[in-house]
Amino acid sequence: MSQTPTAASLGDAPPLEQLAECHQGIVTQLDTLGELPALLASVARARQIAEATVQVFQDAVFSHHVDEEKDLFPAVLAHAASGQEHDEMQHLVAQLTAEHRSIEKAWAHLQPALARLASGLAADVDGAAITDLVRRYSAHARFEEAEFLPRCEAILGRDNADMAELGLAMHMRHVRRDNQRFGLRGS
């Protein structure tokens, strides 16, 4: 609340003392007001981050999961050597698919509050849930980059046609998705 003295709180103080104390209270409040631009910049940055994150999940994360699950995973499993290589890849595909669902569930928990924040509305954002999502997705991406994708490269790289087929399947899915999104017809 305000620290500015009121006429009633100054009581019987001499008039000049009353004015000086009033100035002190006003200046104290204005000094506090001086903090507002930095706080508003932080609020604006929070809104931008929330808005960009909502957009990334809508435009990239979900379609990335679909690309992997509909195109990459089946292609790798279809071309993995039967036996140990196939079994190991099947285990990795199951693990990564479970991680996708877990990440998507974590996002579903956060999305409403972040969408509100992105719209400039007050929102109760769960900081611990954000930290957990960032940690989980980062670990997921690092694992894919370091372990899974090099193995996919080895398997699909045995035949250039397999890699080309994967690229074409992903391209066609993106074309269909973009056409639907923009109301276009045809392929």
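The values are calculated or read from the model by the stated rules, or taken from the named source; none is laboratory data. Just so it is clear, the model here is predicted, and its values are computed rather than measured. Cβ sites come from the backbone with ideal geometry, for glycine too, and all protein chains shown count toward neighbours.
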### Query
Which residue pairs have Cβ atoms closer than 9 Å, lie 6 or more positions apart in sequence or on different chains, and pair a first residue in segment 24-53 that is at negative phi and modelled with pLDDT of 90 or more with a second residue that is loosely packed, with under 13 Cβ neighbours inside 10 Å and basic (Lys, Arg)?
none
### Query
Is at least one residue of segment 123-145 surrounded by 12 or more Cβ atoms within 10 Å (Cβ to Cβ), over 13 Å from the mean Cα position of the chain (by Cα), modelled with pLDDT under 95 and closer than 30 Å to Ala46 by Cα?
yes
### Message
Just the residues that are surrounded by 11 or more Cβ atoms within 10 Å (Cβ to Cβ) and among the hydrophobic types (A, V, I, L, M, F, W, C), please, taken from segment 22-42.
### Response
Cys22, Ile26, Val27
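Here is a yes/no grid of residues against (1) outside any helix (DSSP H, G or I); (2) at pLDDT 95 or above; (3) in contact with a His (Cβ under 9 Å, 6 or more places away or on another chain):
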{"residue": "Ala81", "(1), (2), (3)": "yes, yes, no"}
{"residue": "Glu88", "(1), (2), (3)": "no, yes, no"}
{"residue": "Trp107", "(1), (2), (3)": "no, yes, no"}
{"residue": "Gln111", "(1), (2), (3)": "no, yes, no"}
{"residue": "Leu149", "(1), (2), (3)": "no, no, no"}
{"residue": "Ala161", "(1), (2), (3)": "no, no, no"}
### Query
Given the structure, is Leu96 surrounded by 15 or more Cβ atoms within 10 Å (Cβ to Cβ), within 13 Å of the chain's Cα centre (by Cα) and modelled with pLDDT of 95 or more?
no
